[in-house]
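Engineer: Below you will find the structure I want to go over with you.
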Amino acid sequence: RKTVELSPPDIGRLWLGLGGAELAAGNIEAAIDALDRAAALMPGDPSVRDALARARQVRAERLRRRYEAAIAADGAGRHEDAIVLYREILEVQPDHPPTLFNLGRALVTVGRPGEAIEPLRHGLGLREDPRARALLEQITR
């Protein structure tokens, strides 16, 4: 048997390759994780920096489209669909006050005010919003 020794840049290039493959497959979070590992092993490497920027841009665009779809579903009265989309967004971006407030409002709209308390409180802990505050006060009386 032969032992192969890899230096940190060698391992970094492996993470970079995995990140690129995950990005191409549409697995954005896995891509970002792999690319973050590559960046830790190859600080300042422009190819890692560019790949990570691309992956983050793809994630941001996906979140924006999902948020727009959630708002459209909510506006069309498809509140359960909107709730699913809001929760998917929060899995990736848990501290996004507009999504937290919209989730809370949608939950109240479909008759699940108990589930709305946590997202409303979380959102208000991040940013004050008079309408969200009033809704929270209304459902916790």
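The values are calculated or read from the model by the stated rules, or taken from the named source; none is laboratory data. Since the structure is predicted, the reported quantities are computational estimates derived from the model, not experimental observations. A quick note on method: Cβ atoms are made from the backbone with ideal geometry, for glycine too, and the neighbour counts reach across all protein chains shown. Accessible surface is based on the protein model in full, side chains and every heavy atom, while ligands, DNA and RNA are left aside. Shrake-Rupley method; radii C 1.70, N 1.55, O 1.52, S 1.80 Å.
Residue-by-condition table, conditions (1) among the small types (G, A, S); (2) at pLDDT 95 or above; (3) surrounded by fewer than 15 Cβ atoms within 10 Å (Cβ to Cβ); (4) in contact with a strand residue (DSSP E or B) (Cβ under 8 Å, 6 or more places away or on another chain):
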{"position": "D33", "(1), (2), (3), (4)": "no, yes, no, no"}
{"position": "G75", "(1), (2), (3), (4)": "yes, yes, yes, no"}
{"position": "G111", "(1), (2), (3), (4)": "yes, yes, yes, no"}
{"position": "G123", "(1), (2), (3), (4)": "yes, yes, no, no"}
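Engineer: Now a separate question. Could you count how many residues in region 53-78 are closer than 19 Å to G123 by Cα and touching a residue at least 24 places away in the same chain (Cβ under 8 Å)?
Structural biologist: Qualifying residue count for the region: 5.
Engineer: Let me ask another. Is at least one residue of region 77-85 over 24 Å from A116 (Cβ atoms), β-branched (V, I, T), at pLDDT 95 or above and surrounded by 17 or more Cβ atoms within 10 Å (Cβ to Cβ)?
Structural biologist: Here is the first cut: in region 77-85, the ones over 24 Å from A116 (Cβ atoms) are none.
The answer is no, given that none of the residues of region 77-85 is over 24 Å from A116 (Cβ atoms), β-branched (V, I, T), at pLDDT 95 or above and surrounded by 17 or more Cβ atoms within 10 Å (Cβ to Cβ).
Engineer: Yes or no: region 104-117 includes at least one residue that is without any contact (Cβ under 8 Å) to a residue 24 or more places away in the chain, farther than 30 Å from L16 by Cα, in a helix (DSSP H, G or I) and under 19 Å from the mean Cα position of the chain (by Cα).
Structural biologist: No: region 104-117 contains no residue that is without any contact (Cβ under 8 Å) to a residue 24 or more places away in the chain, farther than 30 Å from L16 by Cα, in a helix (DSSP H, G or I) and under 19 Å from the mean Cα position of the chain (by Cα).
Engineer: Also: For I11, are the conditions met, namely being touching a residue at least 24 places away in the same chain (Cβ under 8 Å) and either touching a strand residue (DSSP E or B) at 6+ places or on another chain (Cβ under 8 Å) or open to solvent by 40 Å² or more (accessible area, probe 1.4 Å) (or both)?
Structural biologist: Yes: the conditions hold for I11.
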